[in-house]
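In what follows, a single structure is set out as structure tokens and then discussed.
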Amino acid sequence: MLTLGLFLGGGAVRIAWVLWPGSNRGPVESGMSALPGIPRNPSSPSGKSASRAILRGDDLIEERARALAATDPQEAWRQSLAIPNFAERTTFVASLMREWGRQDPLAAMAMAATLPAGLLKQEAISAACEGWASLYPEAAGQWAASHLSGPLAGQSLGAVAKAWAADDPAAAAEWVSTLPGGVLSEAATTALIDAWAGQDPLAAAKWIDAISNPDKRSDALATLAGEWAAQSPVEAAAWVSTRLDQPGADDLTESLIGNWGAQDPAAAAAWVMALPADAKAGAAANLVSIWAAHDPQAASKWVEEFPAGDARNEAIETIASTWASSEPENAVAWTLALPDTGEQNDAVDEAVRTWMLMDPSKSTAWVEQQPPNEATDHLRDIAAGTLYDSVPADALAMAGKISDPTTRDNTLTRLLKRWRREDAEAAQAWMAQAKLPETLTSRVTVPPR
């Protein structure tokens, strides 16, 4: 019954356990089908024949599970437990339980209860709830709410809402509204909105607007904006634009940009630039952080076209930090090439701090190679402040190389005072071997009270 198959997909050979359909016996009846909505004589399976197409990987595992579950779920269950790869076993069990939940949900739940606590059990129960809800959502929701608790209840109620909303989102919404707050309703609300956004997002928005809890309402609207943007960002943006003067507008914009920016950052950028000034800065910063993560050059060119103001300043700082996390030398070079203004100083600071945190050795070597001047003194000051959190002695060594005496002494004083507060013995030992001038040590030493 268990055949070891080789699947060639994505350029790699994968070994997977392929479970072939078992006997042609009818589905097992549990004798527990007393709850309304549970058919005593399950109908034929909904899955299509596995022979209709060549399937690979998880698709093939799911197809085999459905085919075997349709004729003999008990045999499918026995075979699932013999699959050695946990990920493939979980995929098979979820598909099996989704089909079994359509046929005889209480028998499926009873079998899932025999599993030890863990991910496999969670997936088995929630998948059975989803299959059950595809035919009898009220009964599935009633069972999950009365038999489960904690995160498992939330996950399973979410599965019910997902299946219910696919067929009748308005009825699913009415049911979700009856759930208690907290973990039990969060997953169900999210699943409902995800499904509804693909069918009638304006109807979903109308339902969300009626939620009395302002925090829950704001979270639900942001979820809708994100899901809608994933499917149709231009339509979602038009809707968000009508709500910019309402509470939670920043959350809506952030959720929209999060999905649109990953799909088409240039189109999202055009929308951001048309926003009112009070909304533009935050939206631009959100988009820049997404855009810069995969195309910092394009993002930086967009930012350089910004007019002077808060939006430009915040966006430049964001791109400097984001770019430095992947290409620090290029990011620092970009910030140094910006016009000599306050925004450049802030951008350089962000890029250098990020580089120092990621790779202190290379960033320190780079700073050491810079010509002695006021700009390099500033870099050393920023680098020293960042290095202090990991190696105070290295930070002080960096500060000691600042060429301007006043700047050098101020930086050393600031760091030494902090070190003495946090580790007086280590700070004193360093000061003794450094042979600092009396004028500096007197500024650092605080007389006892």
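Here L135 clears all of (1) among the hydrophobic types (A, V, I, L, M, F, W, C); (2) over 25 Å from W196 (Cα atoms); (3) out of contact with any Phe, Trp or Tyr (no Cβ under 9 Å at 6 or more places or on another chain) except the condition numbered (2). Of the candidates S30, S49, the single residue that is hydroxyl-bearing (S, T, Y), out of contact with any Leu (no Cβ under 7 Å at 6 or more places or on another chain), modelled with pLDDT under 90 and open to solvent by 10 Å² or more (accessible area, probe 1.4 Å) is S49. Residues in the stretch 419-437 that are outside any helix (DSSP H, G or I) and either open to solvent by less than 50 Å² (accessible area, probe 1.4 Å) or touching a strand residue (DSSP E or B) at 6+ places or on another chain (Cβ under 7 Å) (or both): L436 alone.
Of the candidates E343, E305, the single residue that is without any contact (Cβ under 8 Å) to a residue 60 or more places away in the chain, more than 28 Å from the chain's Cα centre (by Cα) and open to solvent by less than 50 Å² (accessible area, probe 1.4 Å) is E343.
Checking each residue in the stretch 327-340 for being touching a residue at least 12 places away in the same chain (Cβ under 8 Å), closer than 18 Å to V288 by Cβ and open to solvent by 30 Å² or more (accessible area, probe 1.4 Å) picks out E327, N330.
Within the bounds of the stretch 309-326, is there any residue that is under 30 Å from A395 (Cα atoms), outside any helix (DSSP H, G or I) and open to solvent by 30 Å² or more (accessible area, probe 1.4 Å)? Yes: the stretch 309-326 contains one or more residues that are under 30 Å from A395 (Cα atoms), outside any helix (DSSP H, G or I) and open to solvent by 30 Å² or more (accessible area, probe 1.4 Å). Of the helices (runs of 4 or more DSSP H) lying entirely inside the stretch 355-418, the ones with 2 or more residues being in contact with a Ser or Thr (Cβ under 8 Å, 6 or more places away or on another chain) and open to solvent by less than 10 Å² (accessible area, probe 1.4 Å) are found at 374-387, 392-399. All conditions but one from (1) open to solvent by less than 50 Å² (accessible area, probe 1.4 Å); (2) over 25 Å from the mean Cα position of the chain (by Cα) apply to L152; the one that does not is (2).
Scanning the stretch 104-118 for residues that are assigned to a helix (DSSP H, G or I) and touching a residue at least 60 places away in the same chain (Cβ under 8 Å) yields P105, L106, A107, A110.
Would you call A274 touching a Leu at 6+ places or on another chain (Cβ under 8 Å) and more than 30 Å from T376 (Cα to Cα)? Judged against the criteria, A274 is not a match. Considering only residues in the stretch 62-93 that are open to solvent by less than 10 Å² (accessible area, probe 1.4 Å) and of a type in the set (A, V, I, L, M), the one that is nearest to L120 (Cα to Cα) turns out to be V93.
For the stretch 170-195, the set of residues classified as more than 23 Å from the chain's Cα centre (by Cα) and among the aliphatic types (A, V, I, L, M) consists of A170, A171, A172, A173, V176, L179, listed by residue number. Just for the stretch 105-129: of the residues that are open to solvent by less than 40 Å² (accessible area, probe 1.4 Å) and not hydrophobic (A, V, I, L, M, F, W, C), which one is farthest from A161 (Cα to Cα)? Among residues in the stretch 105-129 that are open to solvent by less than 40 Å² (accessible area, probe 1.4 Å) and not hydrophobic (A, V, I, L, M, F, W, C), the one farthest from A161 (Cα to Cα) is G118.
Of the set (1) open to solvent by less than 20 Å² (accessible area, probe 1.4 Å); (2) assigned to a helix (DSSP H, G or I), all apply to D250 but (1).
Residues in the stretch 346-371 that are of a type outside the set (V, I, T) and touching a Lys or Arg at 6+ places or on another chain (Cβ under 9 Å): W355, E368, Q370.
The values are calculated or read from the model by the stated rules, or taken from the named source; none is laboratory data. Quick caveat: nothing in here was measured; it's all calculated off a predicted structure. Cβ coordinates were reconstructed from backbone atoms using ideal geometry, including for glycine residues, and neighbour counts include every protein chain displayed. Areas reflect the complete protein model, heavy atoms only, side chains present, ligands, DNA and RNA absent. Shrake-Rupley method; radii C 1.70, N 1.55, O 1.52, S 1.80 Å.
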